[in-house]
Amino acid sequence: MENIEAIEKLKALIIENNLPQTDMSIFGIKCPYCGKSDRIRQLEPPEDLTEIIESEVLKLYGDLWRQLNPSAVRLGTCKFCLNPVELVLSEGRAKALDHT
Ligand SMILES: [Zn+2]
């Protein structure tokens with residue numbers, strides 16, 4: 001799967017399953033897509049969702065997570081424009097996934 005396709009699938013999955021389901025707000029990180037700095041949420045790693053979403057969806061989420069995030073850094077999403085992003089927490093910023 002191309003990354004661009006994986007990003008679209010992850011975005012759809014986030015919207016359909018209303019992820020993240022726990023409120024993992026992080027403030028002061030600007031969305032690389034829409035520029036809002038109060039809407040970024042951390043996404044739960046797949047292993048934290050085993051009891052929460054159905055296993056078929058979880059498998060896809062895990063596959064997309066590993067493909068888009070091979071170094072196992074954090075992924076997040078913007079609750080305003082709904083795009084998934086890569087979080088670079090040590091630098092306090094978010095990166096667009098399709099620019100890597
Ligand atoms: Zn955004």
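The values are calculated or read from the model by the stated rules, or taken from the named source; none is laboratory data. Quick caveat, the model's predicted, so the values are computed rather than measured. Positions of Cβ are generated from backbone atoms using ideal geometry, with glycine treated the same way; all protein chains shown enter the neighbour counts.
Summary table
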quantity	calculated
Which listed residue is modelled with pLDDT of 95 or more and not hydrophobic (A, V, I, L, M, F, W, C), from 9, 95, 79	9
Any chance residue 76 is touching a residue at least 12 places away in the same chain (Cβ under 8 Å), within 15 Å of residue 88 (Cβ to Cβ) and more than 13 Å from the chain's Cα centre (by Cα)	no
Identity of the residue in segment 34-46, within 14 Å of the chain's Cα centre (by Cα) and free of Cβ contacts under 8 Å to residues at least 40 places away in the same chain, that ends up surrounded by the fewest Cβ atoms within 10 Å (Cβ to Cβ)	45
Some residue of segment 53-61 being within 16 Å of the ligand (Cβ to nearest atom) and surrounded by 13 or more Cβ atoms within 10 Å (Cβ to Cβ)	no
Strands (runs of 3 or more DSSP E) contained entirely in segment 59-100, each with at least 1 residues that are of a type in the set (Val, Ile, Thr)	74-78, 84-88
